[in-house]
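Working notes, beginning with the structure itself.
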Amino acid sequence: MNRKAKTVNVLEGPMTESCAEFPARHVFIKCPECRRVIDEARLHDNLEVCPRCGKHFRVSGRDRMRMTIDEGTFEEWDASLAPEDFLSFPGYADKLKSVSERSGEHDAVVCGRGKICGCDTALFFMDANFMMGSMGSVVGEKICRTFERATELGLPVVGFTVSGGARMQEGVTSLMQMAKISAAVRRHSEAGGLYITVLTDPTTGGVTASFAMEGDIILAEPDALTAFAGPRVIEQNMHKRLPKGFQRSEFLLEHGFCDAVVPRGEIALTVGELLALHEGHAPGLGAPHEIVHTGRRGKKLGHLFKRSAAPKTAFEIVKQTRSADRATAGEMISLGLDGFVELHGDRYFGDDAAVVAGIGWKDGRPVTVIAIERGTTTKERMRRNFGMAHPEGYRKARRLMRQAEKFGRPVLCLVDTSGAFCGIGAEERGQGEAIAQNLMEMSGLKTPIVSVVTGEGGSGGALALSVADRILMLSSSAYSVVSPEACASILWKDTERANEAAEALKLTAPDLLALGIIDGIVDDRGLSHEEIAGAVMSSAFDAFDTLGQLDDATLTNLRYEKYRAIGQYRTM
């Protein structure tokens, strides 16, 4: 086990002349992070995680397997494959012999089949103790065979990566393993297979630039170094020190390249939960990554929703959609579903907090949920940019939609935004392109889509999540091409006429139902947040029941015809 920490032997008990009575020897480890001394036995019981500061020590592939797999279920594959010194590289043969004797392994990966929380899966566990987990022909062959067998058997693949990169002693042959495994990953994916990667410290070089970053879902242990070029190489090239946390797991999460950072003690449950959801049933394990919302769960919305209230003007409804007292999309997820696992990142630039996306379930039925979240408190609203999504938010949504199509899950979109964010950075990163690609993707997505306007449906930012088979609106919501204030300013140069503009735009739910834009209204007058969430989910799943009876061609054709029919004109 490579802990990169000093060990100290301590004798316990009185000294005697008898060898049989020689005292037990305790080993203490000094944590390289917090510098505290830890009893090795306690560290082992805590899955090799420092109980004081949470530092995750490196573990062998076989130890990782024992921490993750249901006891007694692992069947190892290709254990007899061993590397060759086919280039007669100086010192390689002796190196292979010594490291094999020291580690007890033939090479740097353990592959096989086993169960995680009862879910059958193919697995590979890379091992830094064998030449820093470097990837040569045997590593490439064993992982490639794992994907091929998983494809043949219809199994998902879960892989734990740790590597210093390609094995230089095998020359360009080592480099070719990147392409070899990537091709096998693609075939497994095209057959509908799920691939989950867990990034551990360190995952670098050719492994990062191939199969480590090709998972449908990418998890990472805390503070794990994950990079194409290692920090030392970058510092030498740039001639300056790198910032703290650069290329670590949390850095990846912030920049959109992994779905979640998960402590080692939660990895087995989290992976098991995800496997169960992709098998088409609820996991029954709780939701360790369920989003938590502050705010007024279950609170009555007061005078805004009294059934006895006089009918509101269109502009009053618009102003009501912007109220902090409304049930947010996140509250609807946590109150209306039985569980939810949030996934992060667009795999290009970042993770947009304005768009909450992941896999939820209700009554045992999985669903992909994509929601625009405004937040409740001022601090949270600022963090979520008041529900105005950046390009990475729409790209995250598109990534999750494609996953839903691949695994046959319906998609539920909850829309509440004044519009897509307008700013220099958003334009530099392609706000218009991101929205345009969503419209194309949703128009042909081969899985049912239901979109619910739960508050303000503002222009293209709302439409980017609303090309759906069924569009529903809360009775208290609004959906418009432009805000009433902007309309009045543009057309009449007078924002005081916003009330008049709101009436003219026909942006309320009854107006849009009459125009054939939406398919139904969810009456939320006088309801608590929990009751609203229940009504939204009930309406959505009723729609999924109907849409689920259609084949892919019929579903997409009807969606095309739905939008093809929108618009009114006359022939001269």
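Per the listing Pro410, Pro391, the residue uniquely in contact with a Pro (Cβ under 7 Å, 6 or more places away or on another chain), modelled with pLDDT of 95 or more and not aromatic (Phe, Trp, Tyr) is Pro410.
In the condition set (1) surrounded by fewer than 23 Cβ atoms within 10 Å (Cβ to Cβ); (2) more than 26 Å from Leu275 (Cα to Cα); (3) in contact with a strand residue (DSSP E or B) (Cβ under 7 Å, 6 or more places away or on another chain); (4) not hydroxyl-bearing (Ser, Thr, Tyr), Glu380 is compliant with all but (3). Is it true that Phe386 is touching a Lys or Arg at 6+ places or on another chain (Cβ under 9 Å), at pLDDT below 95 and among the hydrophobic types (A, V, I, L, M, F, W, C)? Spelling it out, Phe386 is indeed touching a Lys or Arg at 6+ places or on another chain (Cβ under 9 Å), at pLDDT below 95 and among the hydrophobic types (A, V, I, L, M, F, W, C).
Against the definition (in contact (Cβ under 8 Å) with a residue 60 or more places away in the chain, in the same structural domain as Ile69 (by TED's automatic domain parsing), in contact with a Ser or Thr (Cβ under 9 Å, 6 or more places away or on another chain) and not basic (Lys, Arg)), how does Phe89 come out, yes or no? It would help to see each step written out before you state the result.
Values: in contact (Cβ under 8 Å) with a residue 60 or more places away in the chain: yes; in the same structural domain as Ile69 (by TED's automatic domain parsing): yes; in contact with a Ser or Thr (Cβ under 9 Å, 6 or more places away or on another chain): no; not basic (Lys, Arg): yes.
So Phe89 does not fit the description; no.
Set side by side, the residues Gly205, Gly215 differ, and just one is in contact (Cβ under 8 Å) with a residue 12 or more places away in the chain and under 17 Å from Gly164 (Cα atoms), which is Gly205.
As for the stretch 396-411, it holds no residue that is within 15 Å of Ala324 (Cβ to Cβ), among the acidic types (Asp, Glu) and in the same structural domain as Thr321 (by TED's automatic domain parsing). Restricting attention to the stretch 347-356, the residues being surrounded by 24 or more Cβ atoms within 10 Å (Cβ to Cβ) and either touching a strand residue (DSSP E or B) at 6+ places or on another chain (Cβ under 9 Å) or free of Cβ contacts under 8 Å to residues at least 24 places away in the same chain (or both) number 3.
Taking only the stretch 555-572 into account, find how many residues are in contact (Cβ under 8 Å) with a residue 40 or more places away in the chain and assigned to a helix (DSSP H, G or I). Let's see the steps before the verdict.
Our first condition is that a residue be in contact (Cβ under 8 Å) with a residue 40 or more places away in the chain; within the stretch 555-572, this holds for 555-556, 558-560, 562-563, 565-566.
If we keep only those that are assigned to a helix (DSSP H, G or I) too, we end up with 555-556, 558-560, 562-563.
Residues in the stretch 555-572 being in contact (Cβ under 8 Å) with a residue 40 or more places away in the chain and assigned to a helix (DSSP H, G or I): 7 in total.
Considered as a group, the residues in the stretch 319-339 that are in contact with a Ser or Thr (Cβ under 7 Å, 6 or more places away or on another chain) and more than 15 Å from Lys362 (Cβ to Cβ) include one that is modelled with the lowest pLDDT, and that residue is Ala324.
So which of Glu427, Glu441 ends up being acidic (Asp, Glu) and more than 30 Å from Asn557 (Cβ to Cβ)? If you could, list the steps in order and put the result at the bottom.
Working: Glu441 fails: more than 30 Å from Asn557 (Cβ to Cβ).
Just a single option satisfies the conditions, and that option is Glu427.
Please tell me if Ser60 is polar (S, T, N, Q) and modelled with pLDDT under 95. Quick ask: steps written out before the conclusion?
Numbers: polar (S, T, N, Q): yes; modelled with pLDDT under 95: yes.
Yes: the conditions hold for Ser60.
Among the criteria (1) part of a strand (DSSP E or B); (2) under 23 Å from Val482 (Cβ atoms); (3) not acidic (Asp, Glu), the one Gly419 does not fulfil is (1).
Quick check, is Val369 in the same structural domain as Thr556 (by TED's automatic domain parsing), outside any helix (DSSP H, G or I), in contact (Cβ under 8 Å) with a residue 24 or more places away in the chain and buried (at least 24 other Cβ atoms within 10 Å of the Cβ)? Please lay out each step first, then the result.
Details: in the same structural domain as Thr556 (by TED's automatic domain parsing): yes; outside any helix (DSSP H, G or I): yes; in contact (Cβ under 8 Å) with a residue 24 or more places away in the chain: yes; buried (at least 24 other Cβ atoms within 10 Å of the Cβ): yes.
So Val369 passes the test.
Every test in (1) within 22 Å of Glu48 (Cβ to Cβ); (2) assigned to a helix (DSSP H, G or I) is passed by Gly114 save one, and that test is (2). If you go through the stretch 117-138 and keep only what is assigned to a helix (DSSP H, G or I) and either surrounded by fewer than 22 Cβ atoms within 10 Å (Cβ to Cβ) or hydrophobic (A, V, I, L, M, F, W, C) (or both), you end up with Met131, Met132, Ser137, Val138. Applying the condition of being within 19 Å of Gly272 (Cβ to Cβ) and in a loop (DSSP other than H, G, I, E, B) to the stretch 60-111 and asking which residue is farthest from the chain's Cα centre (by Cα) yields Gly72.
Each row is one residue, and each column tells you yes or no for (1) farther than 25 Å from Leu253 by Cβ; (2) at pLDDT below 95; (3) exposed (fewer than 15 other Cβ atoms within 10 Å of the Cβ); (4) of a type in the set (S, T, N, Q).
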{"position": "Tyr195", "(1), (2), (3), (4)": "no, no, no, no"}
{"position": "Thr200", "(1), (2), (3), (4)": "no, no, no, yes"}
{"position": "Ile218", "(1), (2), (3), (4)": "no, no, no, no"}
{"position": "Glu221", "(1), (2), (3), (4)": "no, no, no, no"}
{"position": "Thr226", "(1), (2), (3), (4)": "no, yes, no, yes"}
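Looking at Gly165, Gly245, Gly265, Gly230 in this structure, which one is at pLDDT below 95, more than 17 Å from the chain's Cα centre (by Cα) and buried (at least 20 other Cβ atoms within 10 Å of the Cβ)? Working first, answer last.
Working: Gly245 fails: buried (at least 20 other Cβ atoms within 10 Å of the Cβ); Gly265 fails: buried (at least 20 other Cβ atoms within 10 Å of the Cβ); Gly230 fails: buried (at least 20 other Cβ atoms within 10 Å of the Cβ).
Only one candidate passes the filter, namely Gly165.
Residues are listed down the side, and each one gets a yes or a no for (1) farther than 17 Å from Thr328 by Cα; (2) surrounded by fewer than 22 Cβ atoms within 10 Å (Cβ to Cβ); (3) of a type in the set (Ser, Thr, Tyr):
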position: Gly430; (1), (2), (3): yes, yes, no
position: Leu439; (1), (2), (3): yes, yes, no
position: Pro448; (1), (2), (3): yes, no, no
position: Gly455; (1), (2), (3): no, no, no
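The values are calculated or read from the model by the stated rules, or taken from the named source; none is laboratory data. All of these numbers come straight from a predicted model, not from anything done at the bench. Heads up, the Cβs are rebuilt from the backbone with ideal geometry, glycines too, and the neighbour counts pull from every protein chain shown.
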